[in-house]
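Visitor: One structure coming up, written as structure tokens, with questions to follow.
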Amino acid sequence: MAKWTPQHEAPEPLEGPVVATITGGTILWFVLFLVQLPFYGWFDDHGRAWWVWTCLAGAGLGLIGIWYVRKRDAAIKRASTTAEPTAAD
């Protein structure tokens, strides 16, 4: 098994516009929910009502995600401002 295990370190995670990405995804899930809502009867008749509720759940979880990444981003910025003066010493 050891011959298939990589021997190099994992790369650093990519940082990008995380808050914007999560916000965009949350908006997309909510728009999909709103678009499907008028057709709920059709979805229910065909046993696919879970599609509508999945979109609503995605929007709800996205709101939690927005809260989380905003707090994470603020903590990272706070940590970088407090770490800079000590790194210069």
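FYI, it's all coordinate maths here, none of it is from the lab. Predicted, not measured: the structure shown is a model, and the values here were computed from it. All Cβ positions, glycine included, derive from the backbone under ideal geometry; neighbour counts span all protein chains shown.
Visitor: Using +1 at the C-beta of Lys and Arg and -1 at the C-beta of Asp and Glu, which of L32, A57, Y68 has the Cα lying farthest in the positive direction of the dipole of the chain?
Guide: Result: A57, furthest along the dipole toward the positive end.
Visitor: Output the Cα-based Rg and Dmax of the chain in Å, rounding Rg to one decimal and Dmax to a whole number.
Guide: Considering the chain through its Cα atoms, Rg and Dmax are 21.0, 69 Å.
Visitor: Quick one: length gained pulling A20 to I64 fully straight, 0.36 nm per residue minus the C-alpha distance?
Guide: Working: separation 44, 0.36 × 44 = 15.84 nm, distance 1.39 nm.
Extending this stretch completely gives an extra 14.5 nm.
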